[in-house]
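Please read the structure below before turning to the comments.
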Amino acid sequence: MMKNVNLSQLKKVEIILEGEHQEFATDLLDRAGVKGYTIVNNLSGKGRHGFHEGHLMFNEDAVLIMIIAAIPEELVEPILEGFAPFFNEHSGVVFVSDIQVTRLVKFKN
Amino acid sequence: MMKNVNLSQLKKVEIILEGEHQEFATDLLDRAGVKGYTIVNNLSGKGRHGFHEGHLMFNEDAVLIMIIAAIPEELVEPILEGFAPFFNEHSGVVFVSDIQVTRLVKFKN
Amino acid sequence: MMKNVNLSQLKKVEIILEGEHQEFATDLLDRAGVKGYTIVNNLSGKGRHGFHEGHLMFNEDAVLIMIIAAIPEELVEPILEGFAPFFNEHSGVVFVSDIQVTRLVKFKN
């Protein structure tokens, strides 16, 4: 039995895009109500990523970042909708997966 | 039919915390019986991460790391319990998700 | 209702191996029909990773990379089969998990 930890079922969103668009992406997350995120810097990438048909997704020299956020399920849809016009113009991709996150419970005694 | 590979159902644990606490975290994993891990260095982060209420999770200048480990399900609970007192004092978060991992089978002939 | 985005159910493959073998791995992915991938550079790792029995998986000084690709389920098996002989000789691991990926639909009007 876990006394000090709880697991919350959330969605993990991983947004891969060119680093120059970081502020656009984090502003969008902020406005959607996402309370925090973690960024992996200096990724490299290649190709169409298997699901972005018709043109190269990234050229090999692009500096990419991955923004990771854990969000309630009801935020997934507005965030994807918010990114859709951006991804009509720019390269990138969003992964969505199920995760459990520790919700920390303070000792109270 | 896969002759040379097997997939084991494990849990992926991703621990994001300030880099200065790396040794604490890896020691805890070692003592819990985790046999290996991979570390992503030099992350950046911001905000309360959506589930750590009441104070900022990271300030923007903190150097963060993410420790990734693939562990049997029965280790998830003791590890989360082990981290609970730490996260009462320090910023960070743990993600838990389902993964399949290749268990490598040597050719024998 | 999501008008501009669709989610496709795919498999996320995360391949962790020593950086010197990057080209081998990406060539294998290319030949398997994977259309793109993202690479996280300069990971560090330790230990047997919990599933590679009998010898250390990485020494602590190895420069590791993680190659991330989102692929259709039917490509998982041939890719794992393709990597099996490599992992008989070299350290590394492959994680497989379920993800949903935005399939971007262009505005047409």
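Here, each number is a calculation from the coordinates, and none is a lab measurement. Predicted model only: the values in this text are computed from it and were never measured. Cβ atoms come from the backbone with ideal geometry, glycine included; neighbour counts cover every protein chain shown.
Please give the net charge around C:Glu73, taking every other residue with its beta carbon less than 12 angstrom from that of C:Glu73, where Lys and Arg add +1 and Asp and Glu add -1.
Numbers: positive: C:Lys11, C:Lys12; negative: C:Glu74, C:Glu77, C:Asp98.
It works out to a net charge of -1.
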Let me confirm one metric for peptide A:82-89, namely the mean number of other chain beta-carbon atoms within 10 Å of its residues' beta-carbons. 4
Kindly put B:Thr38, A:Thr26 in sequence by how many other C-beta atoms sit within 10 Å of each C-beta, fewest to most. A:Thr26, B:Thr38
For a label point 7 Å from the Cα of C:Val63 along Cα→C-beta, name the residues of the stretch C:11-40 whose backbone N is under 18 Å from it. C:16-26, C:39-40
Using amide H atoms built 1.01 Å from N in the peptide plane, name the residues 5+ places from A:Gly36, or on other chains, whose amide H lies under 5 Å from its own. B:Arg48, B:His49, B:Gly50
Table column - 3J(HN,Hα) (Hz), the stretch B:64-78, Karplus curve with 6.51, -1.76, 1.60, x for Gly and Pro: 9, 10, 10, 9, 10, 9, 10, 9, x, 4, 5, 8, 4, 5, x
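Are any of the pairs B:Lys46/C:Lys11; A:Lys12/C:Lys46; A:Lys35/C:Lys12; B:Lys12/B:Lys35; B:Lys35/C:Lys46 more than 18 Å apart by Cα-Cα distance, and if so, which?
On the way: B:Lys46/C:Lys11 29 Å; A:Lys12/C:Lys46 26 Å; A:Lys35/C:Lys12 25 Å; B:Lys12/B:Lys35 13 Å; B:Lys35/C:Lys46 8 Å.
Pairs exceeding 18 Å: B:Lys46/C:Lys11; A:Lys12/C:Lys46; A:Lys35/C:Lys12.
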How far is it, in nm, from the label point at C:Phe24 to the one at A:Leu7 when both lie 7 Å from their Cα along the line to the Cβ? 3.5 nm
Taking a point 7 Å out from Cα toward Cβ as the label site, list the nm distances between A:Arg31 and the same residue in every other copy, smallest first. 4.7, 4.7
